[in-house]
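Written out below as structure tokens is the structure these notes cover.
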Amino acid sequence: MERRKAMTGELEDAVLKKPMEKENRRDAQHATGSSLVLAVQKVAAGYHGTVVLENLSFELKQGEILALIGPNGAGKSTILKTLSRVLLPIFGTVELAGQDLQRLSGNALAQEMAVLLTECPKPELMTVRDVVALGRYPYTGRLGRLQTEDEEKVEDAMAAMDLLPLRARDFRELSDGQKQRTLLARALAQDPKILIVDEPTGYLDIHYKLQLLRVLREKAGAGMTIIASLHEMELARLLADRLLTVKDGHAEHFGTPVEIFREDIIAPLYDITGEEYALLYGRSENCE
């Protein structure tokens, strides 16, 4: 247990250099009344008319980070696909800055939202820089010519993901981790109001996981709203302003990490015993 606490402390130092920074950001958002960015109301989602997830409702403000947590197959990816319009809601509404998501044009949506799901694209004959530059095309018009601002966004995104040394490499020749970083950079280059990412730390080693979390924290501090599914519970706890627990097609709990990280919530979410929870996270003060 002591070793785990020490490792957790090191992780907190690495991800959150200033321990109170995330809390201060939440307080600042509350104090300034940050605008509502996303409103999800009584959404049922699924495939081919069959509901696999229902009664999804929550709201997010500008600059908030939401992490979806829950077991495999719970419905987290279905939620992300519905929020990003890959799937249409069977019931309910999703509003982006007060507008029905379904009424936005494809280009308008691309300027507001960047999406990285787990299905990896396979671009042909494109370098790392070419792939990252795709994130700017919602802004370039029909000719697809990058202006100075676009070039700067591409360079900044590659630098954030430590890709500048790989800029001329063929995307197909990259390792899985390098491909993931390239696709994350493409999403960052898009400079969206909302970033939706499914398992963004997949394929990344610990160095690049921590680097990504720092970048996401910085982007949120600058006003970007971020929604991510995460399997690493400790990373979700450290990164997120809000957590949404998902199990068996139901969004069960929505709240802050302090509200959600309790034995009586996490243990049944993952079908673990109280003793197993205590071994992983320490004994909860909320449960006897």
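What follows draws every value from the coordinates through simple rules; no lab data is involved. All of these numbers come straight from a predicted model, not from anything done at the bench. Here the Cβ positions follow ideal geometry from the backbone for every residue, glycine too, while neighbour counts run over all protein chains shown.
Points to keep in mind about this one:
- Gain on full stretching of the segment that runs from LYS122 to GLN147 - 0.36 nm per residue minus C-alpha separation: 6.4 nm
- Efficiency of FRET between LEU279 and ASN55 - r from beta-carbon atoms, R0 22 angstrom, step 0.05: 0.10
- Electrostatic dipole magnitude of the range 174-288 [Cβ: Lys, Arg +1; Asp, Glu -1; Cα centre; debye, to 20]: 800
- Net length gained if the chain between ASP100 and HIS231 were fully extended (0.36 nm per residue, minus Cα distance): 44.2 nm
- Each 5 Å bin from zero holds the following percent of Cα-Cα pairs in the chain: 1, 5, 11, 15, 18, 17, 14, 10, 5, 2, 1, 0, 0.
- Put simply, the amide H of LYS247, placed in the peptide plane, has neighbours under 5 Å in GLU252, leaving out anything fewer than 5 places away on its chain.
- Every pair of different Cα atoms in the range 99-192 enters the Kirkwood calculation, which places the hydrodynamic radius at 13.6 Å.
- Helices in the chain, meaning DSSP H runs of at least 4 residues, each add -39500 (n - 2.57). Divided by all residues, the mean residue ellipticity at 222 nm is -11500 deg cm²/dmol.
- Gain in span if fully extended, ASP271 to GLU252, counting 0.36 nm per residue against the direct Cα distance: 5.4 nm
- Rounded to 5, percent antiparallel among DSSP beta bridges of the chain: 55
- Look at the alpha carbon pairs under 8 Å that are at least 6 residues apart: their mean separation over the length of the range 31-160 gives a relative contact order of 22 percent.
- The string of couplings for the range 81-87 from the Karplus curve (6.51, -1.76, 1.60, θ = phi - 60°) is 5, 6, 5, 9, 6, 5, 10 Hz, one whole number per residue in order, with x for Gly and Pro.
- Rounded Å value of the spacing that divides the Cα centres of the range 109-127 and the range 62-91: 17
- Selection from GLY106, ILE90, GLY46, by position along the positive dipole direction of the chain (Cβ): GLY106
- Amide H contacts of VAL115 (H built 1.01 Å from N, under 5 Å, at least 5 apart or other chain): ILE196
- Amide hydrogen proximity for ASN55: with H placed 1.01 Å from N in the peptide plane, the residues at 5 or more positions away or on another chain lying under 5 Å are VAL43, ALA44.
- Helix 176-189 vs. the chain, principal-axis angle (Cα, 0 to 90°, nearest 10): 70
- Listed values for the range 117-124 are Karplus-derived 3J(HN,Hα) couplings in whole Hz (6.51 cos²θ - 1.76 cosθ + 1.60, θ = phi - 60°), namely 9, 7, 6, 7, x, 10, x, 9, and x replaces Gly and Pro.
- Couplings 3J(HN,Hα) for the range 192-205, derived from phi with the Karplus relation 6.51 cos²θ - 1.76 cosθ + 1.60 (θ = phi - 60°), are x, 6, 10, 10, 10, 9, 9, 6, x, 8, x, 6, 8, 6 Hz, where x marks Gly and Pro.
- Set LYS61/LYS179; LYS193/LYS219; LYS122/LYS193; LYS61/LYS193 screened for pairs whose C-alpha atoms are more than 19 Å apart: LYS61/LYS179; LYS122/LYS193
- Dipole magnitude of the chain about its Cα centre (Cβ charges: Lys, Arg +1; Asp, Glu -1), debye to nearest 20: 780
- Given R0 = 35 Å, the distance between the Cβ atoms of ASN107 and ILE206 translates into a calculated FRET efficiency of 0.40.
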